[in-house]
Each structure stands twice: as C-alpha cells, then as structure tokens.
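Engineer: Input: one structure, supplied below.
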Amino acid sequence: MTATSPAFFSSQEIAAEGLKPEEYEEIVRRLGRHPNKAELGMFGVMWSEHCCYKNSRPLLKQFPTTGDRILVGPGENAGVVDLGDGLQLAFKIESHNHPSAVEPFQGAATGVGGILRDIFTMGARPIAILNSLRFGSLEDAKTQRLFQGVVAGISHYGNCVGVPTVGGEVYFDSAYSGNPLVNVMALGLMETAEIVKSGASGLGNPVLYVGSTTGRDGMGGASFASAELSDQSIDDRPAVQVGDPFLEKSLIEACLEAFKTGAVVAAQDMGAAGITCSTSEMAAKGGVGIELDLDKIPVRETGMVPYEYLLSESQERMLFVAHKGREQELIDIFHRWGLQAVVAGTVIAEPIVRIFFQGEVAAEIPAEALAENTPLYHRELLTEPPEYARQAWEWTANSLPDCTTAGIELQGRLQSWNDILLTLLDTPTIASKNWVYRQYDHQVQNNTVILPGGADAAVIRLRPLEQIPNLKSKIPNPKLGVAATVDCNPRYVYLDPYEGAKAVVAEAARNLSCVGAEPLAVTDNLNFGSPEKPIGYWQLAEACRGLAEGCRELATPVTGGNVSLYNETLDSQGIPQPIYPTPVVGMVGLIPDITKICGQGWQASGDVIYLLGLPLASKISLGASEYLATIHSTVAGKPPRVDFDLERRVQKVCREGIRNGWVRSAHDSAEGGMAIAIAECCLAGNLGAEIKLEIAPTQLNRLDEVLFAEGSARIFVSVALAQQEIWESYLQEHLGQEWQKLGKVGNFETGLGVFTTDNQTLIKVSIEDMNDRYSHAIARRLAIHTTTPEEVRS
C-alpha cells in the first residue's frame, strides 16, 4: 500500500515549498514516483537549510567536538557536559530570527519555549536562559516596535514558565534593520539516571504523542526560516507559532516524571517541521521506521488535511517511543498534568516513515531521505577576499584628525575626551541594558548568584531540586556553580570573518574567566546571509574556520548549535540586504566554589587597578572599533588579532587571582576599549577611579588609540592594597612584562579621572554624568516613540 500521488507539480508549487527544480527531480528519483502534496511538503521542510544544513554541514565538520568532559556532542537535542560529582549540564542555543521579524512577541516567546524543550527532552531540568539579540538603529520607529516586542515575548515566556533569564547581549546596527536576530540559549541540570536520546528502537514499541494539541499555527515555519525576508513577509504570519508557557511548565514536569519511570525509550520535541521532523529523525537515528496515524492526533481545529498535520509547528508537543506494555503508565502521568497523551504509532522494521489518514496511506518516505541523506552543497570559495573587505583593510588611522590631550577636532569643533566618552556610553550597543533585563525574572528558582549587569558572565548555583541518581554524594556540593555567556562582535566578523570569529571565542572565554570560571564547552548559532552568493559563503566559511581554530586553541569543544542562513531583507526593489555575519558563541564554564567569584564593579576605595595583557604602550589599531563607527561613522580596518598564547595566560592568571582571593573585580576590554571598560567598572561599583597612562610620547597624537582601541587579551582587575605585593609577584612570574599597574579606585565623589604621567588631564567626569548617559540611553530613545502593549503583542 503506497501513498497516492499526482502526475507532477508546477515549478511555482515546487518553489513554494522551498525546493529547487533539481531537488524535486532527486525526490522523484528516490521515491520512484512523483510525491503527493503532503510528501512534497515533508521534503520541503526537511530539506530546508533550517533543518538539514545543506550549505553549512561540510563546514561544521571542522569543529572540535570531543573532550574529557563531553558526554553528548552534536546530533542530539542538546549537548551535555560532565561537571563532576555526578552532575551533568545540558545546554544549547537556537535562533528564531524570521518569526521575530514578522511577529516579534510570539516569535521571541516561542523561541524561548523551543530551546527549553531541547533541554528537558534530554532529561534535564532547565535552570537558566540567556539571549543574544540584534536590531537596527534604535532611532527608527519600526526597530523600536520589534525591539519592544521581542523583549516582551522573551520576558512573557521565561517569566511564566519559571526559568530565570540571567544574561545576554544586545546590539544595534542598521545592518539588522529589516532582519533582527533572536538567539536564545538555555541550560539544564540532568535529573535522570540516563541521558535521554532521540533514536527510536524496539520493533513494535508504541509511539506516543504528548503535550498540546495540533493546529494550523506555524505552518511551514522551517521553510519560512530558510528564505529571505521581503515586504510581503507579513503575509507569512501563519508560519509564526503561538506558545503557551503555562502548558510548557506542565510539560517539563510531566516529561521529567515520565523519564524517571524508565518507560521511555526515546524522546524528541516537535520543533521545526513538527510531526515530520520528529518521526523522520527518530526513525533515521535508530535505523528503524515509524508508522503514525494522524487520526489519533489531538487537534484544536477541524478539517485539517495531512499536509497541515505534518507541517504544523504548534508548540509544546513531543513524540516518545515507549517500552511496549508501559504506554498506559506514561499516558496516566501526562493526563495527571492536564496534557494530551495518545498512542499514535508504532516502531517498524522497514526504515520508512509511513503516515496514515482516514484509513489510507497519506505519505510514505524513507526516513533517511528526510533526515540523514539530504542534499549537500559544496560551494566554491572565493580565491581572495571580496572587494569590500580589501578596501576596508586599507584604512589607517592617518585618515583621522590628530589628537591632543584636549581632545580631537570633528567637523570644525573640538570634542573633548569627556565628550567622546559620554557619547560612547550613550550608544545603545554599549549602554546599560537595564531596560531589557529588568523585565526578566532573573531570580526565580533562587540560584542566580550574580544579577544581570553585575559581571561579564552569568553565574548560577547548581542546586538539584531532587536527588540525582548519579550524584556521588547524597548531599550535593553547595558551592558548585556554572557560568554562562553569549558573545559576538559582528563588526569584527564582517570586516574579517576568520579573525573576527576567533575573537568571538576568545571574548566568550575571557568573560567566563572574569568571574572565575574555567571555560568548558561551546554551543554556537551561525547567523549569516545567503550562502548562494559568493560573499555570503566566503563569510560563512571563513568564520567557521576561525571558530574551529578558536575552540581548539582554548580547549572548548562544540557540543551543537544552530545554523540560520538567508538572513537578508529584500527591499522594495527586490535587492537583498544581508545582515552582518553573526556567529554567536554560547559558552559554559565551571566554578568550583561560588564564594570565590567576582563581578566587574570596583569594591573599595584605595584598591589598586591593574591591566592584565598588552600594556597601554602597545600599538593597537582602532580598526573595527565602536569608537571608529560611532564617532567617525566609519566601518573599516581590521579587528584585533587574537594571540591565543597570551589569551590563555591572561585568563588563567585572572581565574587564579579570583580563586585565591586577590582579585576583587574583573572586567574585560571589549567595545569602547580601555576608557569604556574602566567607566563600566566605576558605574557597576558606584566608585570612581584615578588612572595614570604610562605611554610612549609618540602615542600623544593618537590618544584615541590608547583610550578606545579594542585589543583582545586585556582584563582590568582591582586588588586590595594589602594583597598588592603577593599579586604583583604572581603577575611577574606568570605574565612577565604583559601587565601594568594603572591607578587606584576612588570614592563616589572622585568620579573617573584619566591623566598622563606628567599630570595632564585627559578625562575627568563624574559618576552622575556617566550614569545618566549609560543607564538611560535606551529608555530615552524609546520615549520618543512609546509602543502600547497592544502594539507589542501585534
């Protein structure tokens, strides 16, 4: 018995499913016949870039994926690392970019719901959420609507489901005007004796559908996420899912309870491509087949046809394979939590996905053809960097006006260094994100050790809610913690994808080291434009090469992640405008003792301030810097090169300084360079600082390089005066000449003062003035166009 099929489909119908003509021909060859409508839709979503990575898979193979602590690498719903003492951490990052561009509230909300399901599907209880967001200029009314909608969606879902949103990053740049990026990372602590995998097994075992009902929402979301955005994308709102965080909370508890019975063989959440993806992936990974009867599926709408069942991306749904005879035990658990649970299918020996509807075969496709043996494109790489990059690399600081200790002349007017500093602090990308994180519940579960804005990375106490089977001690270590961060400077990657991507990994590890955490592993989210264009593929390939090298150098294997391509907006003339290449790195680190960590704010007046890494007298370019982009409206130059040997030594010294109780605060140099980093330390600690710049005389005409260049492998720390001698002895032994004493922490009234060694004042600004610019930059811009709650949700 085989599925009925029409003679053929028109080129428009094939294209509507996101398939190319040659891909349709391959489908016909594999099936030995033309597909029917439902089968065509199944191939459309499963052969989309979003599901099968047909352009990126060859590049991902170069990532390091194994290590002493890696328990689960790429290929499952989430990666899992061993934290010691029987504790295991699941973590993953995913994107929901296109849905958020069309319907920001639900797009972002369901992005949170989806990544949480990836975590608890492994048998882990979600303990934290982070997000990495990109928007256009905040001066634009449309960007403000998208921004407010996305933040509201994240806070709504995360707050209601009871998982703290503990950290993240937000960038604003016109490159993202029509195509915002919404990447969400989640962490979970394993609660089951065995890690739950997704490969189906056991011939005759029942296949259970559990969770919410199926409707027409989210139709074809995977294909929608694999195409450029256009003025007509608003018509694709049905491709945006609608989430229910309260139902997901019940689903978390029901799934974890079900897993602990030992009755579940395999589990897969229904994310992109819904039933199609879960059935085909479970079957393919297990080397078996699955039969599923759509008439058994609980629905919320009438008159649905197989195409709609199979492509629906209704949220909060899962597919289980259960041990035969124990299905009722599982069904009872889900019913007790007020959720749907039915036996909808069976595991079969023939490696196919066979779908029944109204007593007939609605679709019949080899599982591997959908999930494993998918199209693969080996694109030709440019033999030399594209023209835009070569031109950008020709930029030198000689094109900028000369500097004096008084400042720099811009458009016929002298701008003091105070003015420049305050302008940069007011830049939304640099400014405080308190408007964002104050909407998030970052303390639910009562394990958040450092609140958002307080440190370079989030810190979570590891406190199991229930007895964990593998725990070596009945009483878990109350001091064990985990740190997490998400990072990417997209301007670096745009100007030099290879060096920029290495810098992304280095900064993520540096952020973890600044709280005393040892970097362990990475999950990545590759957000790029079209790989079918030579420049787009060059950016993707070079960035993957850089990420791979960075992860190898810093011993942080990649456990999985997400690829989001075709992040381009078709303007009214039909010309695609790509985003900056944005490979976001989510990294986790281990903290042996959460009582021995630190934040970025100064702790006490009189503490000594040090720079770890390249001294200020080192020549560092302003290329790719926030200063160059904001103050001089120039995106050019090369990003700073990463010296991994120095990076490893600086980070280790910082971690050891924190763990020995010498270092009281730590903050890395990032956007805005030294001046911004020191100002942020002042603002976080509500204390001033007095900095003396020991620089070469030749640097006086390029003081902006000293103040605002963004060299890597730089961390600013403060140390109590009583620890100065032992600390400097340790620095001399482990860093040689690659550190510098900068000054001392002042009190609130002192403000920030930066002086030359001959006591010429470069910067003298009060805490109040810095705080006014830094803390209110985003709220000030949003006040110009206030969005109503109804607009946010629409």
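The values are calculated or read from the model by the stated rules, or taken from the named source; none is laboratory data. Keep in mind it's a predicted model, so treat the numbers as computed, not measured. As a convention, Cβ positions derive from the backbone with ideal geometry for all residues, glycine included, and neighbour counts pool all protein chains shown. Side chains included, ligands, DNA and RNA excluded: accessible areas come from the protein's heavy atoms. Shrake-Rupley method; radii C 1.70, N 1.55, O 1.52, S 1.80 Å.
Engineer: Restricting to the stretch 203-251, name every residue that is at pLDDT 95 or above, among the hydrophobic types (A, V, I, L, M, F, W, C) and open to solvent by 20 Å² or more (accessible area, probe 1.4 Å).
Structural biologist: Within the stretch 203-251, L203, F246, L247 meet the criteria.
Engineer: Is one or more of the residues making up the stretch 126-136 in contact with a Lys or Arg (Cβ under 9 Å, 6 or more places away or on another chain) and surrounded by fewer than 23 Cβ atoms within 10 Å (Cβ to Cβ)?
Structural biologist: yes
Engineer: For the stretch 255-265, check the following and say yes or no: at least one residue is surrounded by fewer than 21 Cβ atoms within 10 Å (Cβ to Cβ) and either of a type in the set (S, T, N, Q) or within 22 Å of the chain's Cα centre (by Cα) (or both).
Structural biologist: yes
Engineer: For the condition surrounded by 14 or more Cβ atoms within 10 Å (Cβ to Cβ), within 21 Å of D668 (Cβ to Cβ) and of a type in the set (D, E), what is the one hit in D456, D419, D426, D441?
Structural biologist: D456
Engineer: Another question about this same structure. Output the residues belonging to the stretch 654-683 that are assigned to a helix (DSSP H, G or I) and either on the phi > 0 side of the Ramachandran plot or of a type in the set (V, I, T) (or both).
Structural biologist: If the condition is that a residue be assigned to a helix (DSSP H, G or I) and either on the phi > 0 side of the Ramachandran plot or of a type in the set (V, I, T) (or both), then I658, G673, I676, I678 are the ones that fit.
Engineer: Residues that are closer than 30 Å to L187 by Cα and out of contact with any Phe, Trp or Tyr (no Cβ under 8 Å at 6 or more places or on another chain): find the strands (runs of 3 or more DSSP E) completely inside the stretch 363-463 holding 3 or more of those.
Structural biologist: 448-450, 458-461
Engineer: I would also like to ask the following. What's the total number of residues in the stretch 710-747 that are without any contact (Cβ under 8 Å) to a residue 12 or more places away in the chain and buried (at least 21 other Cβ atoms within 10 Å of the Cβ)?
Structural biologist: Residues meeting the conditions: 0.
Engineer: For the stretch 411-459, which positions are within 30 Å of L590 (Cβ to Cβ) and aromatic (F, W, Y)?
Structural biologist: Y437, Y440, listed by residue number.
Engineer: Of everything in the stretch 32-50 that's open to solvent by 30 Å² or more (accessible area, probe 1.4 Å) and in contact (Cβ under 8 Å) with a residue 12 or more places away in the chain, which residue is nearest to A16 (Cα to Cα)?
Structural biologist: Looking at the filtered set, the residue picked out is K37.
Engineer: Can you say whether Q651 is part of a helix (DSSP H, G or I), within 25 Å of the chain's Cα centre (by Cα), among the polar types (S, T, N, Q) and within 29 Å of V493 (Cβ to Cβ), as far as the supplied structure shows?
Structural biologist: Yes; evaluated as a whole, the condition is true for this residue.
Engineer: Output the number of the condition that P557 fails; it satisfies all remaining conditions of (1) farther than 25 Å from V482 by Cβ; (2) surrounded by fewer than 24 Cβ atoms within 10 Å (Cβ to Cβ); (3) not basic (K, R).
Structural biologist: Evaluating P557 over (1) farther than 25 Å from V482 by Cβ; (2) surrounded by fewer than 24 Cβ atoms within 10 Å (Cβ to Cβ); (3) not basic (K, R) leaves (1) as the failure.
Engineer: Right, something else. The conditions are (1) open to solvent by less than 20 Å² (accessible area, probe 1.4 Å); (2) closer than 27 Å to D173 by Cα; (3) not aromatic (F, W, Y), and K533 fails exactly one of them. Which is it?
Structural biologist: (1)
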